[in-house]
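Peer 1: Below is the structure I would like to discuss, written out as structure tokens.
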Amino acid sequence: MSKVPKSELLSRMERFLHKLDEAYAEWELCAIVGGINMFYLTGTMCDGLLLIRRGEGVTLWVRKSYDRAVIESELDDIRPMKSFRDVAVAISVLPDTLYIDTSNATLEWFGLLKKHMPFENVISVDNQLLFTRAVKSEYEIEIMKHTGIMTDRFYREELPVMLHEGISEVEIGAQLYALFY
């Protein structure tokens with residue numbers, strides 16, 4: 001398994017923070033909870049919370065799969081989290097506004113955040129994340145090229161061998177599942 005290089009994660013975070021600064025000059029605390037955004041910024045997809053504090057850095061708080069997150073991510077500050085209380089205790093001064101990826105924050109997560117960190121306002125950073133992820137780095141382009149080559153090989157070489165008269169969609173699905181997982 002290859003990790004997302006630390007230089008790539010730092011570049012992604014720098015670009016995201018630039019977008020955040022452009023949109024919200026006054027932001028102090030940002031939380032990322034969605035799996036895809038979490039992976040994009042940390043290199044791991046865990047049950048947790050990526051907390052970004054202006055001027056203080058980035059902390060990945062992990063509820064489940066802490067050991068896996070440590071193995072997969074090149075982030076410097078990864079901490080276990082039993083509850084959001086752990087995060088609240090670590091924040092000495094809580095700002096009035098939380099900036100968060102709202103399209104990925106479930107009501108359950110939002111309720112837990114609000115319970116332990118009573119913010120007055122919540123502002124979405126969804127657009128800033130989308131704009132950051134839209135511009136591909138050389139690293140991402142190389143992965144996309146490699147994936148395209150693998151997909152082409154699959155469609156040309158492996159899928160035709162699987163197909164035959166009378167095969168059901170369920171059988172094809174089972175074979176594809178076995179192949180990819």
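Peer 1: Taking only pairs six or more apart or across chains, which ones have beta-carbon atoms under 7 Å, a first residue in region 84-101 that is modelled with pLDDT of 90 or more, and a second residue that is surrounded by 15 or more Cβ atoms within 10 Å (Cβ to Cβ) and acidic (D, E)?
Peer 2: These pairs meet every condition: P95/E28; D101/D126.
Peer 1: Inspect region 113-122 for any residue being at pLDDT 90 or above and either part of a strand (DSSP E or B) or of a type outside the set (D, E, K, R) (or both) and give the result as yes or no.
Peer 2: Residues of region 113-122 that are at pLDDT 90 or above, as a first pass: 120-122.
Still in the list and also either part of a strand (DSSP E or B) or of a type outside the set (D, E, K, R) (or both): 121-122.
Among the residues of region 113-122, at least one is at pLDDT 90 or above and either part of a strand (DSSP E or B) or of a type outside the set (D, E, K, R) (or both), which makes the answer yes.
Peer 1: So which residues in region 22-40 are buried (at least 16 other Cβ atoms within 10 Å of the Cβ), out of contact with any helix residue (DSSP H, G or I) (no Cβ under 6 Å at 6 or more places or on another chain), of a type in the set (A, V, I, L, M) and under 28 Å from S2 (Cβ atoms), if there are any at all?
Peer 2: A31, M38
Peer 1: D47 versus (1) modelled with pLDDT of 95 or more; (2) closer than 18 Å to D101 by Cα: which is the lone unmet condition?
Peer 2: With (1) modelled with pLDDT of 95 or more; (2) closer than 18 Å to D101 by Cα applied to D47, the lone miss is (1).
Peer 1: Which residue, of D96, D101, is in the same structural domain as L10 (by TED's automatic domain parsing), in contact with a helix residue (DSSP H, G or I) (Cβ under 8 Å, 6 or more places away or on another chain) and among the acidic types (D, E)? Can you show your working first?
Peer 2: On the way: D96 fails: in contact with a helix residue (DSSP H, G or I) (Cβ under 8 Å, 6 or more places away or on another chain).
It is D101.
Peer 1: Right, V122: surrounded by 12 or more Cβ atoms within 10 Å (Cβ to Cβ), aliphatic (A, V, I, L, M), under 18 Å from D21 (Cα atoms) and more than 14 Å from the chain's Cα centre (by Cα) or not? Give the steps one after another, and end with the answer.
Peer 2: Values: surrounded by 12 or more Cβ atoms within 10 Å (Cβ to Cβ): yes; aliphatic (A, V, I, L, M): yes; under 18 Å from D21 (Cα atoms): yes; more than 14 Å from the chain's Cα centre (by Cα): yes.
In short, yes.
Peer 1: Right, here's the next one. All but one of (1) among the small types (G, A, S); (2) surrounded by 11 or more Cβ atoms within 10 Å (Cβ to Cβ); (3) out of contact with any strand residue (DSSP E or B) (no Cβ under 9 Å at 6 or more places or on another chain) hold for G148; which doesn't?
Peer 2: Unmet for G148, out of (1) among the small types (G, A, S); (2) surrounded by 11 or more Cβ atoms within 10 Å (Cβ to Cβ); (3) out of contact with any strand residue (DSSP E or B) (no Cβ under 9 Å at 6 or more places or on another chain): (2).
Peer 1: In the set K114, K145, which member is among the basic types (K, R), more than 21 Å from E14 (Cβ to Cβ) and in the same structural domain as L50 (by TED's automatic domain parsing)?
Peer 2: Numbers: K145 fails: in the same structural domain as L50 (by TED's automatic domain parsing).
None of the other options fit; the residue is K114.
Peer 1: For the condition in contact (Cβ under 8 Å) with a residue 24 or more places away in the chain and exposed (fewer than 15 other Cβ atoms within 10 Å of the Cβ), what is the one hit in K19, K64, K3?
Peer 2: K3
Peer 1: Another question about this same structure. Given (1) β-branched (V, I, T); (2) outside any helix (DSSP H, G or I); (3) in contact with a helix residue (DSSP H, G or I) (Cβ under 6 Å, 6 or more places away or on another chain), identify the lone condition not met by T132.
Peer 2: That leaves (2) as the condition not met.
The values are calculated or read from the model by the stated rules, or taken from the named source; none is laboratory data. Because the structure is a prediction, the values reported are computed rather than measured. Heads up, the Cβs are rebuilt from the backbone with ideal geometry, glycines too, and the neighbour counts pull from every protein chain shown.
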